1. Which of the following residues is within 11 Å of chain A (Cβ to nearest Cβ) and among the basic types (K, R): B:K77, B:K57?
2. Which numbered condition trips up B:T177, out of (1) among the hydroxyl-bearing types (S, T, Y); (2) closer than 30 Å to B:K90 by Cβ; (3) touching a Phe, Trp or Tyr at 6+ places or on another chain (Cβ under 7 Å)?
3. Please identify the pairs in which a residue from segment B:255-267 that is of a type in the set (F, W, Y) has its Cβ atom under 8 Å from the Cβ atom of a residue that is surrounded by 20 or more Cβ atoms within 10 Å (Cβ to Cβ), counting only partners at least 6 apart or on another chain.
4. Regarding B:L48, is this residue under 19 Å from A:K24 (Cα atoms), aliphatic (A, V, I, L, M), surrounded by 15 or more Cβ atoms within 10 Å (Cβ to Cβ) and within 14 Å of chain A (Cβ to nearest Cβ)?
5. Could you please let me know if C:M410 is at the interface with chain B (Cβ under 10 Å from one of its Cβ atoms) and surrounded by fewer than 22 Cβ atoms within 10 Å (Cβ to Cβ)?
6. Which of the numbered conditions does A:S16 fail, given that it passes all the others? Conditions: (1) within 20 Å of B:L52 (Cα to Cα); (2) away from chain C (no Cβ under 14 Å); (3) of a type outside the set (V, I, T); (4) without any contact (Cβ under 8 Å) to a residue 40 or more places away in the chain.
7. Out of all the residues in segment C:191-235, which are of a type in the set (D, E, K, R) and assigned to a helix (DSSP H, G or I)?
8. Would you check if there is a residue in segment C:295-315 being within 30 Å of C:S222 (Cα to Cα) and among the hydroxyl-bearing types (S, T, Y)?
Amino acid sequence: MKEKKDKILIAEDDQSISRLIAYKFKKEDYEIKIIEEGDKVLEEINSDDYDALILDLMLPVLDGMQILKKIREENIKIPVLVLSAKSQEEDILQGLNAGADDYLTKPFRPDELLLRLKKILVD
Amino acid sequence: MLKYLYYFSSALFLLIMTIVLIIITYHLLHKRRTKIFKQKKEEWEKFLFQYLDDDLKLEEAAAEMNDSYFYLYDFLKPYLKNLKGNDFEKLKKLTKTNKMVDFFLQKLEKGNREEKIKAAAFLGKLGEKRALPLFKEYLNSNDKNLMTASIWAIADIGEQELFFEVLKTVLKESSFTFEALTEILIRFGEESCYQIKKFLENNFSEENNLEEILGVPDYQSLSLFFDIFGYFRFVPGVEIMVSTLDSEYNEEVLIHIFKALVKIEYPIAKDLTPYLNHNSWVVRSQTARYLAKIKNNDYLLELKKLLTDEKWWVRYYAALAIFKLGKEEVLIDIVKNKRPGYEMGIYILDQAGDLKVGEVESG
Amino acid sequence: MDNFYYILLIFDYFAVLYFFLVNGTYLFLNIKAFFSIKKYWSARETIEFENMFQSEFYKPVSIIIPAYNEELTIVDNIISILSLQYPEYEVVVVNDGSKDNTIDELKAKFNLVISSRSYRKDLETQQVREVYDSADYPNLVVVDKENGGKADALNAGINISQFPLVCNIDADSLIDDHALLKIIEPFSKDWRVVAAGGTIRVANNCDIRGGQVKKVRLSKKSIVRIQVLEYLRAFLFGRVGWAALDSLLIISGAFGVFKRKHLIKAGGYSTDTVGEDMELVLKLNRKLKKSGREYRVVFFPDPVCWTQVPEDFQTLSNQRRRWQRGLGQSLLMNKELFFNIDYGLLGVFTYPFYFFVEFLGPVVEILGYLAIFLTIFMHSGVPSVAVLFFITAILMGILLSVTSLLFEEMTFHKYEKLSEKLTLVLYAFLENLGYKQLHTIWRLRGIIDLILKKKSWGSQKRKNFTNN
């Protein structure tokens, strides 16, 4: 019996970064999908079974904070790791308050991202 | 005469058609360039990812990525911007090994204006110290963009020795906003605070030579320095700021001192009453804001008075301070009895989510 | 008869000279704009806009959106504006006494509650009925007021706004995601900047999603294609050119940023004119020049606002008549600038240029065409002056349009397909063989409107925001 791979949704509009992350994650045997626009994120989460969401806050059309809030409002049980250039203390607190399980600021270390992802997958 | 006019019309028409041809040419060139870049990007991405993941050796990666350096720069930019730590170091090694750094060093010196600026941005980001002499030279450039690019590059490299050089240059450039100045200087990192402290001890604490040395009124440079202290929460700087606190002093400086103290959150022994009653409302509001931060009980009466200040921000911070001191009864009391300042009381309590507006009003 | 012909000829040459001046100046402006844009781009290398999010030194901005009878689209529009990328901003929506359900839509979708915000009435406006906060969006404020026209609504918004910068956006403008970052950046770096304008581009037929233009497409309608050319020539390169000469007199109401305190000092938007956005910048220029303080009004080609332009002749002609009328009103309300050396280049060149060329131009143009046709009629064969006229009025016009297209290609190339570019080239020709002349007639009617309505000017207030 083949163990089911964890499915990760990456919401990031900078293709260079999203593809790098996808590359690293695929090597770790995760299944990856990349979404670049805010409003499509919720659609995607609801239409398929994801084990975690990597969320950039600065997405076009619908921004990350609003997405986070909607996820919590609609009680969607999905671990969220925020990856954002917004690195001020208030931003981090705001993100965690809004329901993010972890918050990593840019510039970041891809290896650290991986470790933190693994952690929220376990929890 | 008419004949010449016809010739001229034809010539003009030809000019128009030439421009149309140039448009078409540009279009085709651009299309080709985009296609090439896209292809290269795909190839490079493959190698870059393998290299970053230790699946490809440095020399091999460098061999695959060693041409079209301007395209390569555009390709690498997002990675340079978003990555740090080990991966960033790898990028640095790559750009050294594939001779990209050398290429841009050359462009920095001999390229045209656009190329110089691109080179400056790249070399600054990489922290390439070899470029520093050129950057220092460009601080005096007539080209404001090049000067700015050099300033940012030096700041990114964090070259402490050039800190005051950069400082003097930016102070001279009179169009910069205060925020822009601070933004540039803080990029030198916390280390610059120690430099500033020493500088002030030598040139300000006893004898005030600031204007002479820096070429701008002392209140400007002091405000800038204290802003930087505040940004880095530089506790060793509090001493100098406190000794500068003198209510006769320039209000700009006072404002920046209190703004810095708000960030540093360090309690001071000086009597703050004159500042709570200062002429400038900004001084009053920042002092109140500071009290809100450090939760000092001694000024409750003054703060109550400030609830009826004519300026919104003063009232706000005063009410906030009272609230943060845990003295919301004071506010509630005022609100219940609709005494002067009750609107701000309601606002603060509402903000804190402690009491619904209606509840308070009905007691 | 001979005398008449002689006078006619003089007028012919005068018209030739006029067209040479106008097209020549705009050609010069376009070229100046091109180099200015190149310079701007190389400066951009040093700016990473996203850094604003990691910095404490951005300037917060209040976005003011006047709304009148927008029940169908207001909620979507506001949501997309709330998703713009900027570290800190508030959105102030001003419902100008809409007769439809605009305010109810807002109340429902944004969970509005009565605001406890206090504010000063720095500017006089029509009665404000209520101010609301949104429980769901902490940075959204809605002002419900009695109808007073767009300028009045903007002023009410300015009163409520709490940040040092004010950005005016039309409810149906589509703003690029990073446009705020780009248009406000100069305010952070250069203290002299008091106002900034961004480009307006034609959204018709583009792929739009979530308030963003995803793919740029050229419309299939001739009337829109011509406007695309106009917007490139006049609103993009023209304005960048004027700004490069420190002589920008118009920032579109669809997308502009101002320092709040100067707006207040200048008395806000004038409710006496249909061209309140033009009048404001003129007024700002006048007051600041007078105060002797160093200032800059900048214009950026990059932060873009997309808007739907009229697709039928009736709406378009009404719009242009109104613009001409507004221009005239704005100029007359600031006539102190006319040839006034106290105002430097602004008074000695820019204002007179706008007055004689932009405003009174249509008069000269119509008379010029009439005179030329008369001359040709009265002359056997083709008179040289007619050929000269053809060169300066038509050929130079085509040259100007085509040059704009070249610069667009060398800088932004928003239109990707070669077929679209060639279509625009074709229209550069067609434009000068009919449309421009028609446009002149519309503008002339605008001037006549102004003269006729001058008597009842004071009591004439705009009640509607005349949209496209």
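The values are calculated or read from the model by the stated rules, or taken from the named source; none is laboratory data. Fair warning: this is a prediction, and the values are worked out from it, not measured in the lab. Counting neighbours? That spans all protein chains shown, and the Cβs are built from the backbone with ideal geometry, glycine included.
1. Working: B:K57 fails: within 11 Å of chain A (Cβ to nearest Cβ).
Within the list B:K77, B:K57, the selection yields B:K77.
2. (2)
3. Sorted first by the residue in segment B:255-267, then by its partner, the pairs are B:F258/B:Y275; B:F258/B:V283; B:F258/B:Q286; B:F258/B:T287; B:F258/B:R289; B:F258/B:Y290.
4. Details: under 19 Å from A:K24 (Cα atoms): yes; aliphatic (A, V, I, L, M): yes; surrounded by 15 or more Cβ atoms within 10 Å (Cβ to Cβ): yes; within 14 Å of chain A (Cβ to nearest Cβ): yes.
Answer is yes for this residue.
5. yes
6. (2)
7. Filtering segment C:191-235 for residues of a type in the set (D, E, K, R) gives C:192, C:201, C:207, C:209, C:214-215, C:217, C:220-221, C:225, C:230, C:233.
Selection gives C:R225, C:E230, C:R233.
8. In the first step, residues of segment C:295-315 are kept if they are within 30 Å of C:S222 (Cα to Cα); the result is C:299-315.
Subsequent filtering for residues that are among the hydroxyl-bearing types (S, T, Y) retains C:307, C:315.
Yes, the conditions are met somewhere in segment C:295-315.
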